[in-house]
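Below you'll find the structure, written out as structure tokens, and then a few comments.
What follows is calculated from the coordinates using simple rules that are stated; it is not laboratory data. Remember, it's a predicted structure, so these values are computed and weren't measured experimentally. For neighbour counting, all protein chains shown are included, and Cβ atoms are generated from backbone atoms with ideal geometry for every residue, glycine included.
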Amino acid sequence: MRPELGRRARVLLARFVNLKTDTAMNEKETPQNGGNGVSQAEDTAQSGVELVETPESIALERDRLAGEKTELQNALLRLAAEFDNSRKRIERERAELIEYASADALKALLPVVDDFERALKNHAALHGKGAEFVKGIELIYQRMVDALKKMGVEPIVTEGQLFDPNIHEAIERVPTEEAEDQAIVGEYQRGYQFKGKLLRPAMVRVAVRP
């Protein structure tokens, strides 16, 4: 019995010593933890002081934001202007495309007009039934010319004009002193413009000083 009591007494004593040791260690660690709490509070307090805004800092921030706002407004205005210019350019190009899309078709009709003019010129002296035939051809020719005019096709005037390489094509240069230098003295083929743009240049003879 006594050995058993002695063993139990030693176990209890050991537990008591361990408990006392743990308590002492906890007491030593508590001030350190408390100290850390104070330090954290001080850090927080210091951080709070740094975050305090002054009237000067508020004014600087206001000016910065106002500058950014102005820059954004200017950028939006530039974008709006560029968009508007692009829209107008696209609309203008589309209108021109629609307006001048028929130019090739009208140009293809010009040789027919030339044939009518040559036919009328070669048969102007006919009489009787021949004259009536020529009159009918002339009527058809005039209707075609009027239709082309309504669509914007206008003949290029060459009589009494000086040579212009933009609308005339020189087929022959005629040395002469009877006409002004670079004056048009004859027309081989009539030229035409379509709504102010060259459709076909006029083929002409041009006077040059000998």
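Miscellaneous remarks
- Globularity index of the range 154-210, i.e. its alpha-carbon radius of gyration over 2.2 N^0.38 Å: 1.10
- Sum of side-chain charges, residue 113 neighbourhood, beta-carbon under 15 Å (Lys, Arg +1; Asp, Glu -1): +1
- Summarising the amide proton neighbourhood of residue 156: residues at separation of 5 or more, or on other chains, whose placed amide H is nearer than 5 Å comprise 191, 192, 193.
- Working ranking of peptides 72-84, 96-108 by packing, defined as the average number of other Cβ atoms within 10 Å per residue, highest first, is 96-108, 72-84.
- Vicinal HN-Hα couplings computed from phi for the range 99-106 (Karplus, 6.51 cos²θ - 1.76 cosθ + 1.60; Hz; Gly/Pro x): 5, 9, 5, 8, 4, 5, 5, 5
- Largest first, the extents of the alpha carbon coordinates of the range 72-153 on the three principal axes equal 85, 16, 13 Å.
- Given R0 = 35 Å, the distance between the Cβ atoms of residue 146 and residue 85 translates into a calculated FRET efficiency of 0.30.
- Per residue Cα convex hull volume in Å³ - calculated over the range 84-210: 129 Å³
- Working ranking of peptides 192-198, 89-95, 176-182 by packing, defined as the average number of other Cβ atoms within 10 Å per residue, highest first, is 192-198, 176-182, 89-95.
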